[in-house]
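Any read-out appearing in this document is the output of simple, stated calculations on the displayed coordinates, not a laboratory observation. All figures in this text were calculated on a predicted structure; none of them were measured in a lab. FYI the Cβ positions are ideal-geometry reconstructions off the backbone, even for glycines, and counts take in every protein chain you see.
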Amino acid sequence: MSQVGAAEPAKAQPDKVRYTAKTHTTGGRDGGAAHSDDGRLNVGFSLPGAPGAGTNPEQMFAAGWSACFIGALKHAAAKTKVRLPADLAIDAEVDLCTDNTGFFVQARLNVSLPGLERQVAQTLVDAAHQICPYSKATRGNINVTLSVV
């Protein structure tokens, strides 16, 4: 169990930190807000399904993971010399769930790679799941379903 202010043990030691995202969040998911130190992110939060103009952490996680996963697909495709379709897309779904232990999330990434043979697309999705930092962070921690659609 971690202590307040204590860092979790690192799984891997980086050779180089390529980027550090910095945000400041107040108020949480019910009327809160977050902004980045560079001004590129400025969002308000509202509860899922409740009135309000804000987003929620699950939507942000879905958007971030799917964008990162597309980058991992591009990396996997470059390594295998496969040309990705210009209209590739991911529909990400992140569920906020509860059970007798409390809250948790689960996710589905529905990957569209039009024009690629299904086996080629599946091979790229499997490779991207090994490359993507979000996939690495969630592996073994949440239920994840990857689908080629």
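Pairs of Cα atoms nearer than 8 Å and 6+ residues apart set the relative contact order; for the chain it is 16 percent. For Arg108, neighbours were defined as the other residues whose beta-carbon sits under 9 Å from its Cβ, and their charges (Lys and Arg +1, Asp and Glu -1) total -3. Pairs of lysines in the chain whose Cα atoms sit within less than 22 Å of one another amount to 8, provided the residues are eight or more positions apart or on different chains. Each Lys and Arg adds +1 at its Cβ and each Asp and Glu adds -1 at its Cβ; summed about the Cα centre, the chain shows a dipole of about 620 debye. If you take the Cα centroid of the range 78-101 and the Cα centroid of the range 27-46, the two points sit 24 Å apart. Counting only Cβ charges, +1 for Lys and Arg and -1 for Asp and Glu, the dipole size of the range 53-127 around its Cα centre is about 500 debye. Label separation (Ser46 vs Asn143): 2.9 nm, computed from points 7 Å beyond Cα along the C-beta direction.
For the chain, the longest principal axis of the Cα atoms and the long axis of helix 118-131 meet at an angle of about 40 degrees. Model label points for Gln119 and Ala53, set 7 angstrom from Cα along the Cα-to-Cβ axis, are 5.2 nm apart. Projecting label points 7 angstrom from Cα along Cα→Cβ for Ser112 and Cys97 puts them 2.6 nm apart.
Recomputing volume of the Cα convex hull per residue in Å³ from the coordinates shown identifies the correct label among (1) 114; (2) 135; (3) 173 as (3). Helix 57-80 axis versus longest C-alpha principal axis of the chain: approximately 30°, rounded to the nearest ten.
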